[in-house]
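The next block holds one structure in the form of C-alpha cells; read it before the comments.
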Amino acid sequence: MMKETQRKLLIAFFAPVIMAVIIIVLYETECLMPGNLPDPTVNFLAGTVMVLLTIGSIPFALYMFRIPKIHRQLTDDAQKAPQRLLFFGMLRMMMLAVPMVVNIWFYYFFSFTTSYFYMAVILFLSMFFIYPSMDRCKAETEAPNLP
C-alpha cells in the first residue's frame, strides 16, 4: 500500500514540473505568444497575490507534517497511514506546485516580468525538500513523536 502511495506522490511531484516545462517550451518556440498587458494595475495585483502566496506556502508546506494534529493523523493508525499520507502529501505538493506553474505562466503572460520567474524557481527548488522517496514516506508515517 505504501508503494502505491509513494508512486502517486511521485506523479504529483513530476506532473507540475512537466507542465511548467511544456509552458516554457510553448512560449519559447513561439507556439504561444507572450502577452503584453497594457494595464499595470493587473500586473501589480497579480504580482502582490503571487508574492504573498509564494511566501506563505513555502514555510507552511515544509512545516505541515510537524503540525501536531496532522502528525498524529499520519502516525496513529498504521492501516490508514498510507491514505492519510496520500491526502496530506498531495496537499503539501500542490501548495508548492500550483503557484510554481501559475508563476511560470504569469512570467510569459505579463511580458517577462522577472519576479514571477524567480518565484517559480524558488518554488521549484523548495519542492525538492518534500521529494516523496520511499524512506521519507515511511519515516513520516512511523515517527513516534515530535521533538
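The values are calculated or read from the model by the stated rules, or taken from the named source; none is laboratory data. Treat the numbers as computed from the prediction; the structure is a model and nothing was measured. Because the Cβ atoms are built from the backbone with ideal geometry, glycine has one as well, and the counts that use them run over all protein chains shown. Heavy atoms of the whole protein, side chains included, go into the accessibility calculation; ligands, DNA and RNA do not. Shrake-Rupley method; radii C 1.70, N 1.55, O 1.52, S 1.80 Å.
Annotations for the structure displayed:
- Theoretical ellipticity at 222 nm over the chain - DSSP helices of four or more residues, -39500 (n - 2.57) apiece, nearest 500: -25500 deg cm²/dmol
- Each Lys or Arg adds one and each Asp or Glu takes one away; over the other residues whose Cβ falls under 15 Å from the Cβ of Ile22, this sums to -2.
- By the Stokes-Einstein formula, at 1.306 mPa s and 10 °C, the range 1-88 with its Kirkwood radius over alpha-carbon pairs has D equal to 96 µm²/s.
- Degrees separating the helix 81-109 axis from the principal Cα axis of the chain, which is the longest one: 10 degrees
- Neighbourhood charge, 15 Å Cβ-Cβ cut-off, centred on Met93 and excluding it, Lys, Arg +1 and Asp, Glu -1: +4
- Across the range 85-147, the relative contact order, built from alpha-carbon pairs under 8 Å that are at least six residues apart, equals 36 percent.
- Apportionment of accessible area to carbon and sulfur, the chain, percent (1.4 Å): 70 percent
- Rel. contact order, % - alpha carbon contacts under 8 angstrom, at least six apart, the chain: 40 percent
- For Cα extents along the principal axes in Å, the value calculated from this model appears in [x] 54, 27, 18; [y] 48, 34, 23; [z] 58, 28, 24 under label [x].
- Given charges at beta-carbon only (K, R positive; D, E negative), |dipole| of the range 40-147 in Debye: 140 debye
- Rounded tilt (10° steps) of 2-28 against the dominant C-alpha axis of the chain: 10 degrees
- Among Pro82, Ile55, Ala15 the positive-end extreme of the charge dipole of the chain (Cβ point charges): Pro82
- Sequence-distant contacts, meaning Cα pairs under 8 Å at least 6 residues apart, place the relative contact order of the range 36-100 at 39 percent.
- Protein heavy-atom accessible surface, 1.4 Å probe, per residue over the chain: 59 Å².
- Rounded to 10°, Cα long-axis angle of helix 40-63 versus longest principal axis of the chain: 20 degrees
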